[in-house]
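Everything on this sheet refers to the single structure shown next.
The values are calculated or read from the model by the stated rules, or taken from the named source; none is laboratory data. Just so it is clear, the model here is predicted, and its values are computed rather than measured. Cβ: placed from backbone, ideal geometry, glycine included. Neighbour counts: every protein chain shown. Heads up: the accessible areas ignore ligands, DNA and RNA and are worked out on the full protein's heavy atoms, side chains in. Shrake-Rupley method; radii C 1.70, N 1.55, O 1.52, S 1.80 Å.
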Amino acid sequence: MASIYPNNLEICVASNQLCKSFGIKISPNGQVVQMARNAGFDSLFIDLEHAWLTLAEASNLCNVGHLCGITPFVRVPHQCGNGYIQRVLDGGAMGVIFPHIHNAADAKAAVSISKYPPLGCRSMTGQMPIFGMRGTPVEQTIDLCNKSGSTVFAMIESKGAVERADEIAAVDGVDVVLVDSMDLTIDLGIGGKFDRSEYRSALERISQACRKHGKVFGVAGVYDNPGLQGWIINELAAKFMLVQQDSSLISAGGAKAVKALPSVS
C-alpha cells in the first residue's frame, strides 16, 4: 500500500487542536524549516505571492518540511494559472493557498486545478515528493492526493468575499477558509485596526459559514496579539493560524537587540 507524508492540518483538526503555521518569505535555506519545527510549528506557509522565492526554492523547503515532520503549504500568486499550481503541487506542497477568492466560482476553479479527476483537472506525474519519490500506482496517487495531499485554502480578503462567505465555504473541495486580516481591513476602510467591530463581525460571519459547512476556519496576519488570538481560537473555533513569519521575526528581533544595547558612557 502506498503511503503519503502526514498532513498535520488534518491531524490537528481531528484532535481539536490549532494548526500553527510558520510563514517563509525571504529564507530559501532548509535549516529555517528545521528551526520552525523545533519551535513547535505544525505547518509551513511558504509565500510565493508577496515574496521572491523561486519554485525550486519552494520545492526544496517543502521537501525539508516532509523529512522533518512539518507540513508544507504554499501561497501562490493571484491568477497564476493551472500550470503554476501543477508545479507547486508536483514540487512537494501538500496544499495550495489561493489569494483573493471572491465567490463560489473562484473557489470552484481553485479546487478544479488542485484535484485529480473526477474532482478536478490536475494532470498526472510520477515519483512525487509527497510519496518520498517512490513510484505509486495511479489509483492510489489519485485517492491519497485528492484526500490529503492537495489541501485547498480559499483566502477571503475583501468585503464582498465576506458577504459571500457562505457560498465559498459551501464549495466541495474547499478545505480551509482563510482570512487575510490586513487586506480585509484595508478593504473595509480600517487598515490594520483589528479592534474595530467591522473586522470582528467579518470574522464571526466567516466562522459561522465554516461551522455550517464543516470547513476549517483560519486566520492570517494577526501577530503578537494574545487577546485577539485567544478570541479567534476559542470563541470562533479557528483551527489554522499563520502565527509568525521569518521576515517579521528577524526585523523585530534585530530591533529589540539593538534597543537593548547599553549607551556609550
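Rounded to the nearest whole angstrom, the semi-axes of the ellipsoid equivalent to region 63-146, taken from the Cα gyration tensor as √(5λ), stand at 22, 16, 10, largest first. Peptides 259-265, 225-231, 185-191, ordered by how many other C-beta atoms sit within 10 Å of their residues on average, highest first, read 185-191, 225-231, 259-265. Taking Val179, Val74, Val32 as the candidate residues, the one with maximal mean-square fluctuation in a Gaussian network model of the chain, Cα springs under 10 Å, is Val32.
Annotation: per residue accessible area for region 170-265 equals 52 Å², rounded to a whole number [probe 1.4 Å, protein chains only]. Taken along the Cα-to-beta-carbon direction at a fixed 7 Å, the label points for Glu163 and Gln17 span 4.1 nm. What FRET efficiency comes out for Ala39 versus Glu204 if R0 is 41 angstrom and r is the Cβ-Cβ distance? Round to the nearest 0.05. It comes out at approximately 0.85.
Could you work out the per residue convex hull volume over the alpha carbons of region 1-90, in cubic angstrom?
114 Å³
Applying the criteria of a DSSP loop state and at most 16 other Cβ atoms within 10 Å to the trypsin sites (Lys or Arg not before Pro) of region 150-195 yields Lys193.
With all projection directions averaged, the alpha carbon convex hull of the chain covers 15.3 nm².
Working note: 222 nm ellipticity from helices only, DSSP H runs with n ≥ 4, each -39,500 (n - 2.57), summed and divided by the residues of the chain, gives -13000 deg cm²/dmol to the nearest 500. On the basis of the beta-carbon distance and an R0 of 25 Å, Ala255 and His78 show a calculated FRET efficiency of 0.20. Taking the chain as a whole, the Cys residues whose C-beta sits 4.7 Å or farther from every other Cys C-beta are Cys62, Cys68, Cys80, Cys121, Cys145, Cys210. Taken over region 7-59, the convex hull of the Cα atoms encloses 82 Å³ per residue. The GNM of the chain, with springs linking C-alpha atoms under 10 angstrom apart, assigns the highest mean-square fluctuation among Ile46, Ile26, Ile156 to Ile26. Leaving out ligands, DNA and RNA, and with a 1.4 Å probe, what % of the accessible surface on the chain is carbon or sulfur? Answer for the chain is 54 percent, counting heavy atoms of protein chains only. Listed by chain and number, the lysines whose C-alpha is less than 23 Å from the C-alpha of Lys215, apart from same-chain residues fewer than 8 away, are Lys20, Lys108, Lys115, Lys147, Lys159, Lys239.
Considering only Phe194, Phe217, Phe153, the mean-square fluctuation computed in a Gaussian network model of the chain, springs between alpha carbons under 10 angstrom, is largest for Phe194.
Surface exposure of region 31-75, expressed per residue as accessible area with a 1.4 Å probe, stands at 40 Å². Across region 92-129, the residues whose backbone nitrogen lies under 14 Å from the label position 7 Å along the beta-carbon direction of Gln86 are 113-117, 121-126. Shown here: region 51-192, whose C-alpha atoms stretch 50, 32, 25 Å along the first, second and third principal axes, sorted largest to smallest.
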